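Colleague: Sharing a structure below in structure tokens format, with a few things to ask.
The values are calculated or read from the model by the stated rules, or taken from the named source; none is laboratory data. Note that this is a predicted model, so its numbers are computed, not measured. Glycine also receives a Cβ, built like all others from the backbone with ideal geometry; neighbour counts cover every protein chain displayed.
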Amino acid sequence: MPASARAQRPGPGERAFAAGAPASAAAAFLREARTGTGRDTAFYDAGTAAMHAGRLEVAQGALAEAAKSLDPSLRYRALYNLGVLSLAMAQADSSKRDALLGEAVDRLRDALLLEPGSARAKWNLELAERRRPPPPPSKGGGGGGGGSAPPPPPPSEKQPPPPPGLSQSQAEQILNSMDREERRTRADQQKRLQPPTPSGVKDW
């Protein structure tokens, strides 16, 4: 009876947590885990207390150890808390948001494999999946590592053939005609610019 009573007496971690000191509770549970007494449970309690204290990285490490437990119930709770923790870390760290959301999805899926009927695990999994960015659009299927090549452009409408080129004689005729027209225009301009000849005066 005395041994049983001592076993039920709360330890330093439980007392610190009940007193509203989760950081001290996490440290006490970690010390307990290192002694080897109830190691998996102590790591789970340490991780849970560290989450309440805002020590997210400490919580992540402790819960990862607890998730290795052979006890399905304890492993489920550790995986579930890891998923919720990754969701919280994704909200706090935008630079690693996508990776943390991916971790949350993986941990919550692992938790559901152990307890498929967990409503809270399903709800948080759906929340994590909604917050993830959509996948990039597919570039098309087909065999080969580099994907299929883009389809060739549609054939253009047939254009009428260009007119045949001018022969040398035709080109010379056009140039000569333009030259004659230019000389005629210059002659007309010179006639208009010449002053009129006075009457009775001979234009020598």
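Here's the yes/no breakdown for (1) closer than 16 Å to N124 by Cβ; (2) of a type in the set (D, E); (3) assigned to a helix (DSSP H, G or I):
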{"site": "A16", "(1), (2), (3)": "no, no, yes"}
{"site": "R34", "(1), (2), (3)": "no, no, yes"}
{"site": "D40", "(1), (2), (3)": "no, yes, yes"}
{"site": "Y76", "(1), (2), (3)": "yes, no, yes"}
{"site": "L79", "(1), (2), (3)": "yes, no, yes"}
{"site": "V84", "(1), (2), (3)": "yes, no, yes"}
{"site": "M89", "(1), (2), (3)": "yes, no, yes"}
{"site": "A104", "(1), (2), (3)": "yes, no, yes"}
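Colleague: Taking the criterion of being part of a helix (DSSP H, G or I) and of a type in the set (K, R), would at least one residue in segment 54-74 satisfy it?
Modeller: Scanning segment 54-74, I find no residue that is part of a helix (DSSP H, G or I) and of a type in the set (K, R), so the answer is no.
Colleague: For Q168, which of the numbered conditions (1) closer than 30 Å to R77 by Cα; (2) modelled with pLDDT under 70 fails to hold?
Modeller: Failed condition: (1).
Colleague: Something else: Take segment 94-127 and flag every residue that is more than 18 Å from G47 (Cβ to Cβ) and within 15 Å of the chain's Cα centre (by Cα).
Modeller: Listed by number, the residues that qualify are S94, S95, K96, R97, D98, A99, L101, G102.
Colleague: Hey, another quick one. Quickly run through segment 21-54 and pick out the residues that are surrounded by 18 or more Cβ atoms within 10 Å (Cβ to Cβ) and over 16 Å from L82 (Cα atoms).
Modeller: The answer is P22, A25, A27, A28, F29, L30, E32, A33.
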